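Peer 1: Structure below; questions to follow.
Read-outs: derived from the displayed coordinates by stated rules, not from any lab. Worth saying up front: this structure is predicted, and the values here are computed from it rather than measured. Neighbour counts are summed over all protein chains in view; Cβ atoms, including those assigned to glycine, are modelled from backbone coordinates with ideal geometry.
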Amino acid sequence: MGAPLLALVLGALVEPSGLDKDLPSFLGYVGPASVLFMGAFVAAHLVLVLARSHLNASVFRRHPYRFTVVPIALFLAIALSKPLLVAVAVLSIWWDVYHSSLQTFGLGRIYDQRRGNDVEVGRRWDFALNLLLYTGPILGGASLLPHLQNSVKLTAVVTHFFDHVPARASEHEQLLAWIFGALGVVFLAAYFGAYVRYARAGYRVSWQKVTLLVTTGLCSLFAWGFNAFGEAFLIMNFFHALQYFGIVWWAEGENLRQRLRLPSTRLGKAIALSTLVWVCALYGLLTKTVGESIHLVTCLALVISIMHFWYDGFVWSVRKNMV
């Protein structure tokens, strides 16, 4: 629950600390230390989904082809086709936004479940709220143009059809801000009214979910709405990745310990956790440094990104008692 506020503090400290200055060349990477750290951390949390999808036997048995055939087919396709590679890369930019909103949605549903509420009560309202908390500040704030520019930069490799999109969006930037601001106010009033009715019918308010939604909403509004793109990316992705490490360890820690044949002691659990962190961190560091200049590694990283977004939609389900 405190991860969004922690991310805001870290984001504010980047510039005073000097971490936004370029590093000497490191494994082929040249750029700010903060960008290297954030890129590696994001990649590390993306590959972490495999601890749930491939290392959990019960989850793997539910969708064996999705975990084997699909990623191999996608890897071969984008490795052999530049237009498809570009299309999947652009898709990953926008799917990331949608995916991030649904992680917070899922955590909120877990808090509701733990409070003893019916998991169907308020589900659609929470779904829409979390989409608004993430996409609203992007579409109506300072980060819309960088998102569009990054997308167009990728598509320009194969077509210039979308080159005019950022300029058109810039012309209507203020109008978009007013539209999404007004929609946000109206929706929040309706959301509050819906939960007042639920509470009168027996719904138990989870202070954990409320805290999570408030801190996430404030963080998203401040970061995506007003910050420079680089700092906003660091803030939003840091707390998202940190939460993901937390939920995976909470759900899969015991399974990982058993797979590593470690004793059920504090030391055994500590070794399992450190192994999980360092394996993912090594993958993240390699993809952000040497991997950016190797085509096949780039393809692998993109496949893992897309699989992470897709898998998370069905390997965690409060309604199906998978969490």
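Peer 1: Provide the packing ranking of 283-290, 117-124, i.e. peptides ordered by the mean count of other C-beta atoms within 10 Å per residue, highest first.
Peer 2: Those peptides, ordered most packed to least, come out 283-290, 117-124.
Peer 1: Further, regarding this structure: What dipole magnitude, in Debye to the nearest 20, does the range 45-129 give about its Cα centre under +1 on Lys/Arg Cβ and -1 on Asp/Glu Cβ?
Peer 2: Charge dipole, the range 45-129, about its Cα centre: 220 debye, nearest 20.
Peer 1: Just tell me which aspartates and glutamates come within less than 15 Å, Cα to Cα, of LYS320; anything on the same chain fewer than 8 places away is out.
Peer 2: LYS320 reaches ASP112, ASP118, GLU120, ASP312.
Peer 1: Take VAL47, VAL196, VAL323, VAL9 and order them by how many other Cβ atoms sit within 10 Å, fewest up front. Please report the intermediate quantities before stating the final value.
Peer 2: On the way: VAL47 21, VAL196 12, VAL323 17, VAL9 9.
The order, fewest Cβ neighbours first, is VAL9, VAL196, VAL323, VAL47.
Peer 1: Which ordering of MET322, MET307 is given by a fewest-first count of other beta-carbon atoms within 10 Å?
Peer 2: Lowest to highest Cβ neighbour count: MET322, MET307.
Peer 1: Return the lysines within reach of LYS209: Cα separation strictly under 18 angstrom, same-chain partners fewer than 8 residues apart disregarded; answer none if there are no such residues.
Peer 2: Straight-line reach from LYS209, under 18 Å: no lysines qualify.
Peer 1: Compute the FRET efficiency between LEU76 and GLU171 as 1/(1 + (r/R0)^6), taking r as their Cβ-Cβ distance and R0 = 30 Å, and round to the nearest 0.05. Provide the component values of the computation, followed by the final result.
Peer 2: Values: r = 41 Å, r/R0 = 1.37.
Between LEU76 and GLU171 the formula returns 0.15.
Peer 1: Please state the relative contact order of the chain as a whole percent: Cα pairs under 8 Å, 6+ residues apart?
Peer 2: So the answer I get is 37 percent.
Peer 1: Considering the dipole of the chain built from charges on the beta carbon (Lys and Arg +1, Asp and Glu -1) around the Cα centre, which of LEU19, LEU175, LEU85 is farthest to its positive end?
Peer 2: LEU85
Peer 1: Where the only charges are on Cβ atoms (+1 Lys, Arg; -1 Asp, Glu), what is the dipole of the range 173-323 about its Cα centre, to the nearest 20 debye? Can you show the working numbers first?
Peer 2: Values: 12 positive and 6 negative charges, 172 e Å.
Computed charge dipole of the range 173-323: roughly 820 debye.
Peer 1: Which value, in debye to the nearest 20, gives the size of the charge dipole of the chain about its Cα centre, when Lys and Arg are +1 and Asp and Glu are -1 at the Cβ?
Peer 2: So the dipole magnitude of the chain works out to roughly 1440 debye.
Peer 1: Now, a different point. Quick one: which of 235-243, 178-186, 263-271 comes out on top by average Cβ neighbours within 10 Å, and what's the full order, highest first?
Peer 2: 235-243, 178-186, 263-271
Peer 1: Give the order of LEU273, LEU13 when sorted by the count of other beta carbons within 10 angstrom, beginning with the fewest.
Peer 2: Fewest to most other Cβ atoms nearby, the residues stand as LEU13, LEU273.
Peer 1: Next question, about the same structure. Which label belongs to the value computed from this structure, given these candidates for P(r) over Cα pairs in 10 Å bins from 0, in percent: (i) 6, 27, 34, 23, 9, 2; (ii) 5, 22, 33, 27, 11, 2, 0; (iii) 5, 17, 18, 13, 13, 12, 9, 5, 3, 2, 2, 1, 1, 0?
Peer 2: Among (i) 6, 27, 34, 23, 9, 2; (ii) 5, 22, 33, 27, 11, 2, 0; (iii) 5, 17, 18, 13, 13, 12, 9, 5, 3, 2, 2, 1, 1, 0, the one derived from this structure is (ii).
Peer 1: Can you classify the range 182-314 as rounded, prolate or oblate using the Cα gyration tensor, where a ≥ b ≥ c are the square roots of its eigenvalues, rounded means a/c under 1.5, and otherwise it's prolate if a/b beats b/c and oblate if not? Numbers along the way, then the final one.
Peer 2: Details: a/c = 2.58, a/b = 1.40, b/c = 1.85.
Oblate, since a/c reaches 1.5 and b/c is not below a/b.
Peer 1: Beta carbons within 10 angstrom, averaged per residue: use that to sort the peptides 128-137, 207-216, highest first.
Peer 2: Taking the mean over residues of other Cβ atoms within 10 Å, the ranking is 128-137, 207-216.
Peer 1: Let me ask another. Between PRO64, VAL119, LEU133, whose Cα lies farthest towards the positive end of the dipole of the range 1-142 when Lys and Arg beta carbons carry +1 and Asp and Glu beta carbons carry -1, centred on the Cα centre?
Peer 2: PRO64
Peer 1: Another one. Which one of GLN258, GLY313, SER274 has its Cα pushed farthest toward the positive end of the charge dipole of the range 205-319, where Lys and Arg give +1 and Asp and Glu give -1 at the Cβ?
Peer 2: About the Cα centre, the residue reaching furthest to the positive side is GLN258.
Peer 1: Radius of gyration and Dmax for the range 243-289's Cα atoms, expressed in Å?
Peer 2: Cα radius of gyration and Dmax of the range 243-289 are 11.6, 36 Å respectively.
Peer 1: To the nearest 0.05, what FRET efficiency results for ALA201 and TRP278 with a Förster distance of 35 Å applied to their C-beta separation?
Peer 2: The pair ALA201/TRP278 has a calculated efficiency of 0.15.
Peer 1: Can you list, bin by bin at 5 Å, the percent of alpha carbon pairs in the range 1-68, starting at 0?
Peer 2: 3, 14, 15, 15, 13, 11, 11, 10, 6, 2
Peer 1: Can you work out ³J(HN,Hα) from phi for every residue in the range 183-196, in order, using Karplus 6.51 cos²θ - 1.76 cosθ + 1.60 and θ = phi - 60°, giving whole Hz and x for Gly and Pro?
Peer 2: For the range 183-196, the Karplus curve yields 4, x, 5, 5, 5, 4, 5, 5, 4, 4, x, 4, 6, 5 Hz.
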